[in-house]
Amino acid sequence: MTILTEGKDGPVILSPDQVEELGAALDALRARVVDDLGERDRDYIYNIIKTQRGFEIAGRGLMYLGFLPPFWLAGVAALGVSKILDNMEIGHNVMHGQYDWMRERGINSREFDWDTVCPADQWKHSHNYMHHTYTNIVDMDRDIGYGILRIDEAQKWNPYYLGNPLYAFLLMTFFEWGVMLHDLEADNIIKGKRKWSDIKPLLKGQGKKAGKQVLKDYVMFPALTGPLFLSTLAGNAAANLVRNVWTYSIIFCGHFPSGVQTFSKEETEVETRGEWYVRQMLGSANINGSRLFHIMSGNLSHQIEHHLFPDIPANRYPEIAPEVKALAEKYGLPYNTGRFSKQIGSVWAKIFQLSVPDRFVKRAPKPGVIVMRNRKATEVGV
Amino acid sequence: MVGLIDLVQTLTTPHPLDRYLELVNPGLTARELRAEITHVSHAVPGSVTLTLRASRQWRGHAAGQYVQIGVSINGVRHTRCYSPIDPESRGERYLQLTVKAHPGGLVSNYLHANAKPGMVVDLAPASGVFHLPERRPDKVLLISGGSGITPVLSMLRTLDAEGYTGQVTFLHYARQPEMVPHRAELSSIAQRRANFRIEYRYPVEPGTVIDGETSTGSGFFDYDELERAAPWFADAQTFVCGPPPLMRAVHTIFEAEGLQDRVLSEEFTLTTVPADPSEATGTVTFSGSDVAADNTGATLLEQAEASGLTPEYGCRMGICFSCTATKVSGCTRNVRTGELDADPDKPIQICINAPVGDVDIAL
Ligand code: FES
């Protein structure tokens, strides 16, 4: 395989040997981290869990003073932080199996469930399996547009996509419900590619999980505050909204800012481990930020490191990032990173641009990576 | 109580209530069984006796059964089985374990070096069929070797506590007299009960004087030993627990006598890494579905499928964790990294792990 990318100084070509070399370097990096896992990582995740529980209890408690606006707001903020931590730095990462090696009953990928309406097993299928195995392969990775949006040029435009920004806004607002429905592949049912009977068990699981979540946030806790029922209900809904907007934003920064590469089924049909790594690197984007920012984003601000090593504990991503970046530089591969405002800005710009037919938008040429099989000549002529 | 826990749990959903309680105090649980170490004694060199106070979920043990203890060592929770040595009980929340620090035994060495009063450990309910029957037999022969003494000690103490009037012989094999745990307890039983015969054997030359006694016989178990210690063994219920050579010797004799169904035995084995991990030997047992097949050297997922099973999987390349299953026992090799793993009761990804020798996987 030859990989060619359009760098500042012209095309960059990686020989098959270089790709395997890069793969071996990443394997070695992984092995070093895995060898070193221990008490420190255990303390880290338990500290995060303790913090999350603290915010949760504070948030629920503050709702009893919800008749005073500053307390209501503080309650929403505390509960929002709690839900963000639960979903991102804890839930997402634990369900990836990052802490399975600890063999703890409470924090392993088999048993953990998170504080959102999406059942853990369904998310693990759509995310851990489909998204992480087929990252950025159009028509395979359903995170490309979630079956609703046009987020890549390779998706053919049709008039439905005029609503792209609106769909994106709704998806952001109701993100936890969008994530819940993800594994249903509703668009494929409409297209007749999927049978109703396939989704019945999924719907059942969703009803069960969502029912419990709704009961807790919108019935039980409000009822426990008695006369403040409505104020607590609104507070809990606001906390869920805060979490939805934040997680949507961080997740969309992971694969959709400009400069991120998508792939076709054909070019990724047979991949070596090295090629798989290269695809993960080219298909992901990071966000720069402080330590707190990384924690609040579940370290998905290190999406590149996460996609290379989805099962390594998240607190290790910032530590290995410089090494991954150095490897990218060594082989001339892009290491897509930027401020949050830049990354999310470019995501929304893309959502708007892609809502109209391609001929109306002048787009900068994509820094394309061309994967060539069997050293056959392509239109680039290499 | 249960109703109340359920109600509170709807508020902590989706997390179980214990995930909150353990942050306040690991010994405080709504559902899970745990135990606090209340007393630690190093009376016998190389082993430690722990007294545990179990949480209220504890249901006691039958004499001879074992429990599972879980401790976190360098960030990883390890579990091992030990037999309580105290008499059978139902209501008591205390139990005692004697743990011998085996060379290379991770958990036993850890407990030997680090167990302190106040430490909280995981505990699983007592289980195992190696225990005294509900209706006590008229004659009981107990044979143990090394750390295999623990379950039979519980049997002996139970019979003592119940004022058992039948015949009991207890024959224990140890390397040296100092290595016999709970000797004081044993001698006091022997003194109090004329119908209890308690004897120790050390594998030494006949005629050697140990503890003021002249050793007779070879110091190993054989037919003469049996005849001498319990001439009525054919009418007794026999329990044996110890290292494999001892167990083999007992079984050979009982089989020759046609008495194999009068012996119950329990073996404490340690999994060891086979010499050549690349060679495909042994049997793969899928204990969840009662299937066993010769190890072909392929990954466990492939071997399970070849045996007609349909385990869950996703990526088949070790990233999605859809295929995680519990390895009950045996050694596996990570086909990507070459890493070997002989830890029992461990969740592993079957798509990237191949068995090395005999492996039992809960599929
Ligand atoms: S099938 Fe994905 S980790 Fe084994």
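The values are calculated or read from the model by the stated rules, or taken from the named source; none is laboratory data. Treat the numbers as computed from the prediction; the structure is a model and nothing was measured. Cβ: placed from backbone, ideal geometry, glycine included. Neighbour counts: every protein chain shown.
Could you say whether any residue in region B:44-51 is of a type in the set (G, A, S), more than 24 Å from B:V328 (Cα to Cα) and either assigned by the TED database to the domain that holds B:V107 or in a strand (DSSP E or B) (or both)?
Scanning region B:44-51, I find at least one residue that is of a type in the set (G, A, S), more than 24 Å from B:V328 (Cα to Cα) and either assigned by the TED database to the domain that holds B:V107 or in a strand (DSSP E or B) (or both), so the answer is yes.
Taking region B:1-36 as the region of interest, how many residues are part of a helix (DSSP H, G or I), charged (D, E, K, R) and more than 8 Å from every other protein chain (Cβ to nearest Cβ)?
The total comes to 1.
Quickly run through region B:287-324 and pick out the residues that are within 16 Å of the ligand (Cβ to nearest atom), in contact (Cβ under 8 Å) with a residue 40 or more places away in the chain and surrounded by 20 or more Cβ atoms within 10 Å (Cβ to Cβ).
Those that are within 16 Å of the ligand (Cβ to nearest atom), in contact (Cβ under 8 Å) with a residue 40 or more places away in the chain and surrounded by 20 or more Cβ atoms within 10 Å (Cβ to Cβ): B:T299, B:L300, B:L301, B:Q303, B:A304.
Looking at region A:289-324 only, could you name the residues that are over 16 Å from the mean Cα position of the chain (by Cα) and in a loop (DSSP other than H, G, I, E, B)?
If the condition is that a residue be over 16 Å from the mean Cα position of the chain (by Cα) and in a loop (DSSP other than H, G, I, E, B), then A:G289, A:S290 are the ones that fit.
Need a quick list: helices (runs of 4 or more DSSP H) entirely within region A:135-200 having at least 1 residues that are touching a residue at least 60 places away in the same chain (Cβ under 8 Å) and touching a Gly at 6+ places or on another chain (Cβ under 9 Å).
Filter on region A:135-200 gives A:164-173, A:175-182.
Go through region B:60-94 residue by residue and tally those that are acidic (D, E) and either in contact with an Asp or Glu (Cβ under 6 Å, 6 or more places away or on another chain) or within 14 Å of chain A (Cβ to nearest Cβ) (or both).
Number satisfying all stated conditions: 0.
Working only within region B:339-363, note down all residues that are in contact (Cβ under 8 Å) with a residue 60 or more places away in the chain, over 18 Å from the mean Cα position of the chain (by Cα), away from the ligand (no atom under 14 Å from the Cβ) and in a loop (DSSP other than H, G, I, E, B).
B:A362
Can you confirm whether region B:37-52 contains a residue that is farther than 22 Å from B:M155 by Cα and within 14 Å of chain A (Cβ to nearest Cβ)?
No, the conditions are met nowhere in region B:37-52.
Of all residues in region B:113-126, how many are more than 19 Å from B:P151 (Cα to Cα) and not acidic (D, E)?
The total comes to 9.
Tell me which residues, restricted to region B:325-338, are buried (at least 20 other Cβ atoms within 10 Å of the Cβ) and within 14 Å of the ligand (Cβ to nearest atom).
Correct list: B:A325, B:K327, B:T332.
Matching residues to (1) surrounded by fewer than 19 Cβ atoms within 10 Å (Cβ to Cβ); (2) of a type outside the set (D, E); (3) touching a Pro at 6+ places or on another chain (Cβ under 7 Å):
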residue	(1), (2), (3)
B:A161	yes, yes, yes
B:F170	no, yes, no
B:Q176	yes, yes, no
B:V180	yes, yes, no
B:A184	yes, yes, no
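Can you find a residue that is more than 18 Å from the chain's Cα centre (by Cα), within 13 Å of chain B (Cβ to nearest Cβ), among the hydroxyl-bearing types (S, T, Y) and buried (at least 18 other Cβ atoms within 10 Å of the Cβ) anywhere in region A:116-127?
Scanning region A:116-127 turns up no residue that is more than 18 Å from the chain's Cα centre (by Cα), within 13 Å of chain B (Cβ to nearest Cβ), among the hydroxyl-bearing types (S, T, Y) and buried (at least 18 other Cβ atoms within 10 Å of the Cβ).
Restricting to region A:202-219, count the residues that are surrounded by fewer than 15 Cβ atoms within 10 Å (Cβ to Cβ) and either farther than 19 Å from A:D113 by Cα or more than 14 Å from every other protein chain (Cβ to nearest Cβ) (or both).
The total comes to 4.
Which one of these does A:I189 not meet: (1) over 27 Å from A:Q280 (Cα atoms); (2) modelled with pLDDT of 95 or more?
(2)
When the residues of region A:8-23 are narrowed to those that are part of a helix (DSSP H, G or I) and away from chain B (no Cβ under 12 Å), which ends up modelled with the lowest pLDDT?
Only one residue tops the list, namely A:P16.
From (1) surrounded by fewer than 22 Cβ atoms within 10 Å (Cβ to Cβ); (2) more than 9 Å from chain B (Cβ to nearest Cβ); (3) over 22 Å from A:G205 (Cβ atoms), pick out the condition that doesn't hold for A:T135.
(1)
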